[in-house]
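To keep things clear, I will list the structure first and then write my remarks on it.
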Amino acid sequence: MTTSAHELSDALIPDSTRSRQLYQRAREVMPGGNSRTAVFTTPYPVYVRSGRGARVVDVDGNERLDFLNNSTALIHGHAHPRIVEAVAQAAARGTSFGMPTEVEVAFAEALCARNETFEHVRFTSTGTEAVMMAVQAARAHTLRPKIAKIAGAYHGAYDSVAINNDGSGSLITHATRGIPEGVSRNTVVIPFNDPEGALAVLREHADELACVLIDPVPWRIGLVAASAEYLAALRSFCDETGAVFISDEVGSFRIDWQGAVARLGSAADITVLGKVIAGGMPIGAVAGRREVMAVFDPSNGSPALPHSGSYNANPVSMSAGLASLDLLTREEMRRINDLGESVRRGMSDILAARTEGWTVNGYGSLFRVLGPAATDASGNRVNLVNLLSRALLRRGVHIGDSGLGCVSTAMGTAEVDSYVEAFEGAVDDVVAARR
Ligand SMILES: Cc1ncc(COP(=O)(O)O)c(C=O)c1O
């Protein structure tokens, strides 16, 4: 490889004068020109102008197939007419009130109908906030201080879960800089898909654990589904000790009509929801057993856990959610899961025929490509997946820098075929660039 890792990576970003100019302006008014670390890209991000169905158009007018779908949130693709109509009608009636609305009740009913463990539900504006409320609910319910989470797994930006969330899977506790030691001391990390290893850690802290928090298909540590044995071990531990079993399905709810843990053969006490349930509008939800959810109940005087939020259950997100769930039928979920399988198979076949050390993981409509470790001529680490995502961008397809992607209901076999064709070319680009 003649060029440095950095030069090669930057050279693969599509040439966009307008994006470059926008990024220069952005740097003047935002740290690093950015409000969301996940969308940061060097030398500049490609700015988007609009999206419709399976496609997005950038500020220079280039159209691309979008297989990232706002980090998997847009299960119906961009600007689905039913969701746009629901949002427009709700917004025209008023965007938020200091009073509850009828659509909040209807959306809560639609969610609770999906899974028998969703006895009561409560809304927030983001998944981060919903995880935070679920953890606080577990602490308020058990009056215990500690939480357990899977090493490397991501659950949003809340202090107690921003511990060992970098995907490394290391069992040595490390926190995002600035999180007080008192907080990180109360988060215990367990290995993924290792029932005995996890139980050994959990037993050490059994009397102090308020909850065991998992993502049943944790994307940051590779997007592999939790095994039935692993889930059963965690479920029994919680039954024995009274710790609350929390399944964070902000990303993974999309794998089944009832949600991920149900699909994988277990049942959570509390499920955290977000993303797909509101089809692209800001949303988070905590759904679970009445006895735990009772900590939020203000009807008998002051609740154990007061929880307010100016935009909780705002009618615009609730209306988008109702439309999104209505479109998310069992048949549609089966259809996009089958398309997901075709995408994964297509990518695996191409990689197996051309190169070594790559893996394609995923479940249902979700996929993630993982590449082998590599270095440039100077010994600097080269992120091959990042290169691949840039090569794909130049070939008209958008996936995450981390190799994360998903299928939406706006897609069919034509989009999957186009994706696989672009992927084949992009793999060749990366292989050629490394010669
Ligand atoms: C598993 C998981 N939990 C929580 C979050 C945070 O959700 P939000 O981005 O809506 O705050 C995410 C976001 O990617 C997630 O994947």
Test D417 against the criterion of being of a type in the set (D, E, K, R) and open to solvent by 50 Å² or more (accessible area, probe 1.4 Å), and give yes or no. yes
Tally up the residues in region 234-260 that are without any contact (Cβ under 8 Å) to a residue 40 or more places away in the chain, within 24 Å of the chain's Cα centre (by Cα) and open to solvent by 10 Å² or more (accessible area, probe 1.4 Å), please. 1
Is it the case that region 136-152 has a residue that's farther than 30 Å from L199 by Cα and either of a type in the set (K, R) or surrounded by fewer than 23 Cβ atoms within 10 Å (Cβ to Cβ) (or both)? no
Hey, can you tell me all the residues within region 126-185 that are away from the ligand (no atom under 16 Å from the Cβ) and of a type in the set (S, T, N, Q)? T142, S168, S170, T173, S184
Hey, could you check region 63-100 for residues that are among the β-branched types (V, I, T) and in a helix (DSSP H, G or I) and say which is nearest to the ligand (Cβ to nearest atom)? T72
Selection within region 20-58 - at pLDDT below 95, of a type in the set (S, T, N, Q) and either more than 21 Å from the chain's Cα centre (by Cα) or crowded, with 17+ Cβ neighbours inside 10 Å (or both): T41, T42
Go through region 160-184 residue by residue and tally those that are modelled with pLDDT of 95 or more and not aliphatic (A, V, I, L, M). 1
Against the conditions (1) within 16 Å of the ligand (Cβ to nearest atom); (2) part of a loop (DSSP other than H, G, I, E, B), where does A287 fall short? Just the number, please. (2)
Only one residue in A86, A92 is open to solvent by less than 50 Å² (accessible area, probe 1.4 Å), assigned by TED's automatic domain parsing to the domain that holds F253, over 18 Å from V343 (Cα atoms) and modelled with pLDDT of 95 or more, so which one is that? A86
Can you pull out every residue in region 245-277 that is out of contact with any Leu (no Cβ under 9 Å at 6 or more places or on another chain) and closer than 21 Å to G340 by Cα? Q258, A260, A262, R263, G274
Can you confirm whether region 261-281 contains a residue that is part of a loop (DSSP other than H, G, I, E, B), open to solvent by 30 Å² or more (accessible area, probe 1.4 Å) and free of Cβ contacts under 8 Å to residues at least 40 places away in the same chain? yes
Among residues of region 36-77, those that are in contact (Cβ under 8 Å) with a residue 12 or more places away in the chain, under 25 Å from A157 (Cα atoms) and aliphatic (A, V, I, L, M), counted: 6
Test for T409: is it in contact (Cβ under 8 Å) with a residue 40 or more places away in the chain, out of contact with any strand residue (DSSP E or B) (no Cβ under 8 Å at 6 or more places or on another chain) and crowded, with 22+ Cβ neighbours inside 10 Å: yes
Determine whether region 17-27 contains at least one residue that is in a loop (DSSP other than H, G, I, E, B) and closer than 24 Å to L387 by Cβ. no
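The values are calculated or read from the model by the stated rules, or taken from the named source; none is laboratory data. Since we're looking at a predicted model, the values are computed, not measured. Note that we place each Cβ from the backbone using ideal geometry, even for glycine, and neighbour counts take in every protein chain shown. Note: accessible area is taken over every heavy atom of the protein model, side chains too, but ligands, DNA and RNA are not part of it. Shrake-Rupley method; radii C 1.70, N 1.55, O 1.52, S 1.80 Å.
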